[in-house]
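Read the structure below first, then the notes.
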Amino acid sequence: MTDKRHKILLLDDDQDLLDLYKEILSQLPSRPEVSTSLTGSRAMSMLESEEFSMLICDLNMPKMDGLQVLSIVRRKYPQLRTVVLTSVPDEIFRSRVYALGVDLYWQKPATSSEIKMFVDCLEALLSRDEQHGFRGVQNKSLVDIVQLECISQNSAVLKITNGPFAGKIWIETGELLDAVADNLEGEPAFQKILSWKTGAFEYLAAEPNRPRKIFKSYNALLLETAQAFDEARQEVTTETDGVATTTFNSPLAMVAQMDGVEFALKLKTPKSELESRGIEDSTKISAWAEDTLDSFNELGDQLRVGSLEQIQGLGPQRNVGIGANGSGRFCVGWKQGLAAADIRNYMRKIFNLCAS
């Protein structure tokens, strides 16, 4: 006995596009059955006679346009997943579409990466879990939703509701402008909102004149947020006589909390894997740090001056310290402005913190 396959109805007044997107939908891992319709009236008849899991429709069509179809569908078939696929980016249409309760508004993909992202979103909608995720991209986190908006270079205000809590994220042409949640603004508010695991979101009209309070790229901020969550999971807070004490399951997580630290790596050894905090591509920097340590150790052997303890490098954007002892081999990025002597002292503290 086989599982029931999902059925998708694709509505567009252009036969060539119907053929193209039917081929794209064939890439979905769940291999749904795809039917097509050239008119809104024909699509309504098909919905009445068959049970579909999803309707994907264009907006601009003669006689019965996409908005008319969606208005009827949302009332008659509330469980049907609905997706708008349009070639004209329009913030007014976007707001109207989401106000109807449509699950996804998507500009017709033009590149292979956009097609893959579109396929991934449709698969997530088809396999959604009613108890998790956010309306619009079910089974996706807010991180995924923000990434979709930024990659698509959209402009919008996301309003997120999580029980009694509410927040907003401002996006302008794919760049994060600001966020508010509770009494927080900017980056702290953004991180607070992204900590919510369930809820609902809606699109509001873009506000391009919103004063900018977030200046980091969305990739950097999402990375920092994810790492903050990871570090928080490694924190253990205990209370004794009314005094709370926080400890860390991972010593490197504690290192990342030190003032002035931008990133920290504990390099790979025969007995342990590479561990990092605060950096996206740890493999490149770890490879550089290992080569540098090996080169200076070889130089130390040739000069007969003993084993290397530390190296400090000072730069215009940040400083770096690398070194090794019985605790392991480390590479730590420091904010610009710290003197070499300060870095040396801090590195010694790190060796002590991470002592095995």
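The values are calculated or read from the model by the stated rules, or taken from the named source; none is laboratory data. Predicted, not measured: the structure shown is a model, and the values here were computed from it. Note that each Cβ is placed from the backbone with ideal geometry, even for glycine, and that neighbours are counted across all protein chains shown.
Summary of values
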| read-out | value |
| --- | --- |
| Residue identified as basic (Lys, Arg) and either assigned to a strand (DSSP E or B) or at pLDDT 70 or above (or both) among 159, 140 | 159 |
| Test: residue in region 287-295 that is outside the structural domain of residue 219 (by TED's automatic domain parsing), under 20 Å from residue 223 (Cβ atoms) and at pLDDT below 85 | no |
| Those residues of region 302-344 which are assigned to a helix (DSSP H, G or I) and surrounded by 12 or more Cβ atoms within 10 Å (Cβ to Cβ), in sequence order | 340, 342, 343, 344 |
| Identity of the residue in region 250-269, of a type in the set (D, E, K, R) and over 23 Å from the mean Cα position of the chain (by Cα), that ends up modelled with the highest pLDDT | 266 |
| Pairs, first in the same structural domain as residue 125 (by TED's automatic domain parsing) in region 145-160, second among the polar types (S, T, N, Q) and part of a loop (DSSP other than H, G, I, E, B), C-beta under 8 Å, six or more apart | 153/173; 154/173; 155/173 |
| Out of 17, 104, sole residue that is within 26 Å of the chain's Cα centre (by Cα), buried (at least 16 other Cβ atoms within 10 Å of the Cβ) and assigned by TED's automatic domain parsing to the domain that holds residue 158 | 104 |
| Test result for residue 71, polar (S, T, N, Q), surrounded by fewer than 19 Cβ atoms within 10 Å (Cβ to Cβ) and touching a strand residue (DSSP E or B) at 6+ places or on another chain (Cβ under 7 Å) | no |
| Cβ pairs under 9 Å, 6+ apart, first in region 53-78 and of a type in the set (Lys, Arg), second not in a helix (DSSP H, G or I) | 63/39; 74/80; 74/82; 74/100; 74/101; 74/102 |
